[in-house]
Each structure stands twice: as structure tokens, then as C-alpha cells.
Amino acid sequence: MNITKSISLFQEAQKLFPGGVNSPVRAFRAVGGQPLFIDRGEGPYLYDVDGNRYIDYVLSWGPLITGHAHPKVVEAIQQAALKGTSYGAPSLLEIDLAKSVMDFMPNIEMIRFVNSGTEATMSALRLARAYTKRDKIIKFDGCYHGHADMLLVQAGSGVATLGLPDSPGVPAAVAADTLVANFNDLDSVEALFKKYPEQIAGIIVEPVAGNMGVVPPVKGFLEGLRAITSREGSVLIFDEVMTGFRVHFGGAQTLYNIKPDLTTLGKVIGGGLPVGAYGGKHEIMQMVAPVGAMYQAGTLSGNPLAMSAGIAALSLIREEGCWEKLEQAAAKLEAGILSTAKQAGVPIQQTRVGTMFTTFFSETEPKDWNTVKVADKVRFGKFFQKMLENGVYLAPSQFEAGFLSIMHTSTIIDKTIEAVTEAFRTW
Ligand code: KE4
């Protein structure tokens, strides 16, 4: 595979950006080789600057559920741009996207748009603290909620990928208020409430973990979090930045029928442009300025281009039978990977919830960070590189999720399974 131009661009980029990238996990540090420089995306495909084509399962880390450059999304952005790129004032577009999101997730009674998932989770936690007048928060080992100081404690995603001991630069005083429990382990949560009675403002959880690879909640786990937070007067925050529209069009809260107090969103609702959101119970959202005293603001929040892209993307997935088609494609891929690995005698754990999936190179069933971190990262890296050679672009980390789009047709899935077969044939 000729990647000459990517190599020269990466050399130049490393002089400009730390690690040559604008987000750490893109650097391929965990899988070897170097990042490919992308020229364009089209439907399910990415094309690098050397003209190589890949079936893309990263999809910008989740946002592109309608695939790359969907004509209706592009058209919506073009039309919006003709009317200006930002107003710094309210617009009808904000109302339209808010209503569309609330249609899919009715637990969100009131919402605030921001510009990234990090802003969404940071703001939701500040709101939980303001609402309860408590300081401590609980997150789960291996879960990632963006890079706000208080959340870079035993985090997943790039922090886990790079094996960073949390992150330097986070003041000990800040980290001290972030308590860490084990995913899928209610006893570890109960122990923290016992140790810190009436001090815990809220729990933030990826209801289906995606940032340690995809790890589903065990039966009763989410229900338990709901019961504990209700009993303790703490706020339950479902961080659905990744799971929203991915595990179910209504998110994990619909799939598992749990009503969180607050939900954070991002990725899909921006149709590939920068958007985040937090929202939930009307009573809690009344604390947000200018109605309430909890301050949060943003120059480009509710940006018309991003709103237009999100409106277009959500209207596309509303089409009859869309979710069923996505589920079928994802289930076919999952079955294909499982049977191919079995035939090749390669031990894997394949997880999937809706359109999010991970192939763990491990013989241990993934339940939490402790059972995931033992996965064979070297074998994953080898699989990643072989799949790339065979024209399939996976997330460059064992601790990330793969995603499908409405453009990943049955033929595309067949081609992907052929690539898996070839990867294991030359294992
Ligand atoms: P952003 O600030 O990157 O928009 O969103 C942060 C975030 C919050 N919550 C969850 C559950 C998330 O998955 C994320 C971001 N996800 C990563 C991928 N695992 C973004 C990719 C990257 O960091 O480059």
C-alpha cells in the first residue's frame, strides 16, 4: 500500500502539532505505523492522500451515522452557509434541532447546545453540583467523558490507549472530588456512598461503555444506578455522547428503559459538525443561566451550520426501517467476525450493542476495565494493520468502538468480512 504522501505530510505535521495530530488517539501510537492523511470521505469510504480507499468504521469516532458527505447533509450546510455562518443570537434552527432530539429522547425536557461532548459533560457535572450543593462526583474506571480536569481520572479512550496515569496538570484538589467505581459493579458504587454520605452530587456513566472498547451493562446495573441515585438525592447523568442514536435511535435510556436526570449528547446530533448538548429534567435545567445561577456559555453554541447538519442527519435516520437496516448490517458483521475468527482458531471476544462494536483479542469476557485491559494489544495492532492493508479502516486502538452508517450496505459488510478472513488467513 503506497502511503508516500501521508508519510511526508506526517513529517510536516509533527513540526506543527504535538504528535502530528489534533487529537491523541489519531496518532496510531497503539497500533504502530503512522496515521493516514485523509483527502475525502464518501458514503462508507475514506480516501487517503495517496488515493487508497478504505471502508471506514471510525466515522469520525461516531458522528457520521449517515456516512461521509451525504448529499442531504452537504446541501443543508451549503444552504445554511449562504445565510451566514454564525449569528451569536437565537435562530429557528436551534428550536428545530432541539425538538428533533427531544422526539428521539423524550426524557430530555429542556436542553442547552454547546460545541463538544467535553463541554456537555463538564456543564452537566457543574449543574449536578449546583443543583445538589455537593462537590463529589462518581465516574467509572475506563469510561471517558471528554477532557475536562475532573474527568481525567482513570479515564478510557485515548488516556487508556496511551497508558497515561490519569493526566498531569489536573490539580490534586480537583481529582480528589472525583470518585472512581468499577463499571458493572454496584457494590463499588454503594461503598462510595457509604464512605461519602450526602457529599456525592452525581454519577456520570456511559450507559454502554464505548471508551474501553464496547462493554455492555450487565442486567440490573443501570437500574441499580437509578435506584441508588434516587435514594441518595444524587443526579444520574447518562453520557450518551457516543451511545446516543448508536445503541438505539433513542439512546441507551430508551433501549434499557431508564430515565436519567440529565443526558449529555454530541457526535451524531451535529451531523459531523461540532455540537454537544446537555439536558434533562426541567427542574434541574432551570438552574442554568440566565434563568438560574449556574453559568455556562459559548460563542458558537447553536451555530446555524451545525444545527442544519444535525437536523438533516436526524431527519435522514427517521426514514422508515432505517434502524432495522442498521441493526441487520451490524449483526451480520458481528457474526462474520466471530465465525471467521473461530475458523482461524483466533480467540476473540466480540461485543456489539446496536451499531457500536469492538473485537477484543482476549479470552476474558469484557465486563469492566480490569477484564478489558488484559486484552492483547499487540494482536489488536496486528489485526488493525492487516485490515488496513485489506482496505478496512478500524479505530486505531483496542479501547475504542467501531461504528456503522446507513451507507454500510450488505455488500460493504461482505467485503469487510472478506478482509477479516484474509487478515486471519495470514495471521
Ligand atoms: P468530545 O469533546 O471529543 O466531542 O466528546 C468527549 C466525549 C464525551 N463522552 C463520550 C462518551 C465520548 O466518547 C467522548 C469522545 N469520544 C472520543 C472517542 N472515544 C472522541 C475521539 C477523540 O478523542 O479524538
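The values are calculated or read from the model by the stated rules, or taken from the named source; none is laboratory data. Source: prediction; values computed, not measured. A quick note on method: Cβ atoms are made from the backbone with ideal geometry, for glycine too, and the neighbour counts reach across all protein chains shown. Accessible surface areas use protein heavy atoms only, side chains included; no ligands, DNA or RNA. Shrake-Rupley method; radii C 1.70, N 1.55, O 1.52, S 1.80 Å.
Within the range 19-38, can one find any residue that is away from the ligand (no atom under 16 Å from the Cβ), open to solvent by less than 50 Å² (accessible area, probe 1.4 Å) and either closer than 24 Å to Asn211 by Cα or within 18 Å of the chain's Cα centre (by Cα) (or both)?
The answer is yes; a qualifying residue exists.
Regarding Asp48, is this residue under 21 Å from Thr411 (Cα atoms) and buried (at least 16 other Cβ atoms within 10 Å of the Cβ)?
On the way: under 21 Å from Thr411 (Cα atoms): no; buried (at least 16 other Cβ atoms within 10 Å of the Cβ): yes.
Spelling it out, it is not the case that Asp48 is under 21 Å from Thr411 (Cα atoms) and buried (at least 16 other Cβ atoms within 10 Å of the Cβ).
Go through the range 379-427 and give me each residue that's in a loop (DSSP other than H, G, I, E, B), away from the ligand (no atom under 16 Å from the Cβ), within 19 Å of Leu64 (Cβ to Cβ) and open to solvent by 10 Å² or more (accessible area, probe 1.4 Å).
The answer is Gly391, Ile406, Met407, Thr409.
Given Ile228, Ile237, Ile269, which one is in contact (Cβ under 8 Å) with a residue 60 or more places away in the chain and in a helix (DSSP H, G or I)?
Ile269
Listed here are the residues, each with its yes/no results for (1) touching a strand residue (DSSP E or B) at 6+ places or on another chain (Cβ under 7 Å); (2) away from the ligand (no atom under 16 Å from the Cβ).
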| residue | (1), (2) |
| --- | --- |
| Asn52 | no, yes |
| Gly62 | yes, no |
| His68 | yes, yes |
| Leu82 | no, yes |
| Gly88 | no, yes |
| Ile95 | no, yes |
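Anything in the range 92-117 that is part of a loop (DSSP other than H, G, I, E, B) and open to solvent by less than 20 Å² (accessible area, probe 1.4 Å)? List them, or say none.
Selection gives Met105, Ile108.
Cβ-Cβ distance below 7 Å, separation of 6 or more or different chains: which pairs start in the range 135-153 with a residue that is in the same structural domain as Gly210 (by TED's automatic domain parsing) and closer than 10 Å to Val174 by Cα and end on one that is open to solvent by 20 Å² or more (accessible area, probe 1.4 Å) and within 11 Å of the ligand (Cβ to nearest atom)?
As it stands, the answer is none, since no pair meets every condition given.
Inside the range 134-147, can you point out the residues that are open to solvent by 10 Å² or more (accessible area, probe 1.4 Å) and within 13 Å of the ligand (Cβ to nearest atom)? Explain how you work it out, then say what you get.
Applying the first criterion (open to solvent by 10 Å² or more (accessible area, probe 1.4 Å)) to the range 134-147 yields 134-136, 141, 144, 147.
Tyr144, His147 - these are the residues of the range 134-147 that are open to solvent by 10 Å² or more (accessible area, probe 1.4 Å) and within 13 Å of the ligand (Cβ to nearest atom).
For Tyr87, indicate whether it is within 30 Å of Ala277 (Cβ to Cβ), crowded, with 18+ Cβ neighbours inside 10 Å, in contact (Cβ under 8 Å) with a residue 24 or more places away in the chain and hydroxyl-bearing (Ser, Thr, Tyr).
no
Can you name the condition, by its number, that Ala313 falls short on among (1) hydrophobic (A, V, I, L, M, F, W, C); (2) under 30 Å from Glu94 (Cβ atoms); (3) touching a Lys or Arg at 6+ places or on another chain (Cβ under 9 Å); (4) surrounded by fewer than 17 Cβ atoms within 10 Å (Cβ to Cβ)?
Every listed condition holds for Ala313 apart from (4).
On the basis of being surrounded by 18 or more Cβ atoms within 10 Å (Cβ to Cβ), part of a helix (DSSP H, G or I) and within 16 Å of the ligand (Cβ to nearest atom), does Arg126 make the cut?
Yes.
Could you check Met242 against (1) of a type outside the set (Val, Ile, Thr); (2) touching a residue at least 12 places away in the same chain (Cβ under 8 Å); (3) open to solvent by 10 Å² or more (accessible area, probe 1.4 Å); (4) not in a loop (DSSP other than H, G, I, E, B) and say which number it fails?
(4)
Look at Ala289 and say whether it is among the aliphatic types (A, V, I, L, M) and within 19 Å of the chain's Cα centre (by Cα).
no
I need the full set of residues from the range 155-166 which are more than 25 Å from Ala191 (Cα to Cα) and not in a helix (DSSP H, G or I), in order please.
Matches in the range 155-166: Leu162, Gly163, Leu164.
Collect the residues in the range 254-272 that are touching an Asp or Glu at 6+ places or on another chain (Cβ under 7 Å) and surrounded by fewer than 24 Cβ atoms within 10 Å (Cβ to Cβ), keeping them in residue-number order.
The answer is Ile258, and nothing else.
Here is a yes/no grid of residues against (1) in the same structural domain as Arg352 (by TED's automatic domain parsing); (2) within 11 Å of the ligand (Cβ to nearest atom); (3) touching a helix residue (DSSP H, G or I) at 6+ places or on another chain (Cβ under 6 Å):
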| site | (1), (2), (3) |
| --- | --- |
| Gly224 | no, no, yes |
| Ile237 | no, yes, yes |
| Gly251 | no, no, no |
| Tyr256 | no, no, yes |
| Leu265 | no, yes, no |
| Gly276 | no, yes, yes |
| Gly279 | no, no, no |
| Gln286 | no, no, no |
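Do we have Val372 as in contact (Cβ under 8 Å) with a residue 40 or more places away in the chain and open to solvent by less than 10 Å² (accessible area, probe 1.4 Å) here? Working first, answer last.
Working: in contact (Cβ under 8 Å) with a residue 40 or more places away in the chain: yes; open to solvent by less than 10 Å² (accessible area, probe 1.4 Å): yes.
Here the answer is yes, as Val372 does meet what is asked.
Here is a check on your reading of the model: is Ala344 over 22 Å from Glu240 (Cα atoms), open to solvent by 20 Å² or more (accessible area, probe 1.4 Å) and not assigned by TED's automatic domain parsing to the domain that holds Ser100?
So Ala344 fits the description; yes.
Considering only residues that are part of a loop (DSSP other than H, G, I, E, B) and under 19 Å from Met387 (Cα atoms), look in the range 316-354 and name the one that is nearest to the chain's Cα centre (by Cα).
This residue is Ile348.
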